[in-house]
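See structure below.
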Number of protein chains: 2
Amino acid sequence: MGSLNLNIDRSSPVPLYHQVVQGIEAAIHSGTLAPGSRLDNEIDLAASLNLSRPTMRKAMDELVRSGLLVRKRGVGTQVVSSQVRRHLELSSLFDDLQRVGSKPATEVLSFMHMEADDAAREALQLPKGAKVYHFTRLRTVDGKPLALMENSVRDDIVAMDEASLASRGLYEILRSAGVNFRLANQRIGAVIANAYQAPLLGTTVGAALVTMERTALDDTGRLVETGHHVYRADSYSFEMTLVQR
Amino acid sequence: MGSLNLNIDRSSPVPLYHQVVQGIEAAIHSGTLAPGSRLDNEIDLAASLNLSRPTMRKAMDELVRSGLLVRKRGVGTQVVSSQVRRHLELSSLFDDLQRVGSKPATEVLSFMHMEADDAAREALQLPKGAKVYHFTRLRTVDGKPLALMENSVRDDIVAMDEASLASRGLYEILRSAGVNFRLANQRIGAVIANAYQAPLLGTTVGAALVTMERTALDDTGRLVETGHHVYRADSYSFEMTLVQR
DNA sequence: TTTGTTTGCTTGTCAGGACATAGTCTATCA
DNA sequence: TGATAGACTATGTCCTGACAAGCAAACAAA
């Protein structure tokens, strides 16, 4: 059974193990590999694709980590489930909305290049008197307000301006300026809409809001960005897949 | 500099690569390896520990995945930061509270062995007429109410009773019955406390609550448990570290 | 029938080698 | 002085080979 039928292109710049990952992912999502079905053993699979066992294993390792496969020594490898959603990743709301086909728009409510306040200075571990870009934005989808976002960004990495923030996502801007995000610490909670938030979000005082605080590090260990966002609870929630290791 | 000084015990049942992982983690958390410092290259490190390069790489791979290290081809490997919190994992609230030294208590508000309702049947993909354990619990910490939890559990895996639920966490019970959780799909949002929830949680109608819906799969692909929880927003939030891959 | 043993299967761990590729630095040349 | 080419370094990819360890089913003995 699970003997797969993948095309491995050895002239492709895509690593072989990654081609295998993509192939098996596709097979699972298309239903060719049904949940619960067993795959051939590593050695045979590797042989049938003319790959070495370590390469095959590396591919399967990745799929196990992402939760699509389960391996048991002495038993074999099984497809767990096709219902793995994309893991909650380091992406901006803007990117997420665009990917699912919505039309996000951003209104920049305030934009300043100013001395960091205490909260931002602690979150970004900046010295006293250091400056940051501080701005608040309102994100709407198809004309409906969705999120109110307040952010502080280090000013020694990229020069920012109000116009680009209005047309592009924050993470997109930072990425195109050469920032490679690696890590983010994030906290999700809830709060009641106050008199400032309610009219902006097109809701009433006392409505439920989802809150998200995030601080992101780039690959050199710099704390680049910190933000406090609130979302309308009736139109947004955080969805994720947890994988037990 | 980053030449490390680890003890590798080749007679230990702990795999060599994992001993290296633990050693480097300890060095980072103790400050021996400072954030931003560079490690020796893989080959030298492997040689100095009398390990092969693949073994050394496997250890470093794990640390890169968990966000402690960053590698750049042609450049080297660097310690990113020591402020990686534990990744949001597949654990129960009960376990989490106990680990941080709190004294969680559970009051079982209702407990039934009944036919699954539509929501539970869909979440657990059960046939019509299948039975589940359905129960609601109130979790308090040091006498203060924290969470109101409603769960449905398949009844063909483990026999449950009200008494054990009152003294142990749900996941603890299921784990000790041989269930190995692998995956969970989870959604976090917000809502306003209603007239049923408010008195139980010791708050007022209209207070902010964090909601969490979760469906968990075990390693055989069975959908074992689904639940809908609400937490007092003033005493609970979800904290996590996201790693960019 | 039950219990212990063996055998074979599959994944887990580890070694050593080879070449590719992407950065960085230096030396050279215009 | 500035740009370019090359050497060097470190990680990325891929291979072959070997043995260990856990699991299950078949088998043998009580």
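Structural remarks
- Site pair A:V14 and A:S48 shows an inter-label distance of 2.0 nm when each label is modelled 7 Å from Cα along Cα→Cβ.
- Copy-to-copy label distances for A:G129, where each label lies 7 Å from Cα along Cα-to-Cβ, are 8.0 nm in order of increasing length.
- Under conditions of 20 °C and 1.002 mPa s, region B:16-79 yields 184 µm² s⁻¹ as its translational diffusion coefficient, taking Rh as the Kirkwood radius over Cα pairs in the Stokes-Einstein equation.
- Candidate lysines - alpha carbon under 21 Å from B:K103, same-chain residues fewer than 8 apart omitted: B:K144
- Chain B residue nearest the rotation axis toward A, with distance: B:A190, 2 (Cβ to axis, whole Å).
- Residues B:I157 and B:R65, FRET efficiency given R0 of 35 Å [Cβ-Cβ distance, rounded to 0.05]: 0.65
- In region B:96-137, the trypsin sites (Lys or Arg not before Pro) that fall in loop regions by DSSP, at most 13 other Cβ within 10 Å: B:K128
- Applied to region B:73-80, the Karplus parametrisation 6.51 cos²θ - 1.76 cosθ + 1.60 on θ = phi - 60° returns per-residue 3J(HN,Hα) values of 4, x, 10, x, 10, 10, 7, 6 Hz, with x for Gly and Pro.
- Binned Cα-Cα distance frequencies in the protein assembly as shown - 20 Å width, integer %: 19, 51, 29, 1
- Relative contact order %, region B:138-224, counting alpha carbon pairs below 8 Å whose residues are six or more apart: 28
- For the residues of A:19-27, the average number of beta carbons from a partner chain within 10 Å of their own beta carbon is 0.
- Neighbouring partner chain Cβ atoms per residue of B:207-214, average, 10 Å criterion: 5
- Rounded Å value of the spacing that divides the Cα centres of region B:135-167 and region A:174-229: 33
- Using the Cα coordinates of region B:21-140, the gyration tensor eigenvalues translate into equivalent-ellipsoid semi-axes of 47, 20, 12 Å, sorted from longest to shortest.
- Virtual paramagnetic centre 7 Å along Cα→Cβ of B:A119, amide N under 18 Å, in region B:156-195: B:185-195
- Each Lys and Arg Cβ is given +1 and each Asp and Glu Cβ -1; about its Cα centre, the protein assembly as shown then shows a dipole of about 960 debye.
- Of B:L209, B:L51, B:L124, the one that fluctuates the most in a GNM where chain B has Cα springs shorter than 10 Å: B:L51
- Highest to lowest packing among B:196-202, A:101-107, scored as the average C-beta count within 10 Å: B:196-202, A:101-107
- Entry note, chain B: the mean residue ellipticity at 222 nm calculated from DSSP H runs of n ≥ 4, each adding -39500 (n - 2.57), is -7500 deg cm²/dmol after division by the residues and rounding to the nearest 500.
- Shortest-first nm distances, A:Y196 label point to equivalent points in other copies (7 Å, Cα→Cβ): 3.6
- Note on B:A195 and B:N7: the extension gain reaches 61.7 nm, defined as 0.36 nm multiplied by sequence separation minus the Cα-Cα distance.
- About its Cα centre, region B:84-239 has a charge dipole of approximately 320 debye under the convention of +1 per Lys or Arg Cβ and -1 per Asp or Glu Cβ, with nothing else charged.
- Between B:V100, B:V179, B:V158, the GNM of chain B built on Cα springs shorter than 10 angstrom shows B:V100 fluctuating the most.
- Leading residue at positive end of dipole, region A:96-245 (Cβ point charges), from A:G221, A:S102, A:T136: A:S102
- Contact order for chain A, expressed relative to its length and based on alpha carbon pairs under 8 Å spaced 6+ residues apart, stands at 16 percent.
- Cα-only radius of gyration and Dmax that characterise region A:138-192, units Å: 13.4, 37
- Kirkwood-Stokes translational diffusion coefficient of chain A, alpha-carbon pairs, 10 °C, 1.306 mPa s, µm²/s: 76
- Look at the alpha carbon pairs under 8 Å that are at least 6 residues apart: their mean separation over the length of region A:199-245 gives a relative contact order of 34 percent.
- 15 Å beta-carbon shell around A:P199, net charge (K/R +1, D/E -1): +1
- Each copy carries a label point for A:P13 at 7 Å from Cα along the beta-carbon vector; from one copy to the others these points are 4.7 nm apart, nearest first.
- Net charge contributed by nearby residues that have their C-beta within less than 10 Å of B:T220 (K/R +1, D/E -1): +1
- Farthest positive-ward along chain B dipole, Cα basis, beta-carbon charges - from B:L51, B:Y196, B:I157: B:L51
Rule-based calculations on the coordinates, nothing more; no lab input. Because the structure is predicted, anything quoted here is derived from the model rather than measured. Please note: Cβ atoms are built from the backbone with ideal geometry, for glycine as well, and neighbour counts cover all protein chains shown.
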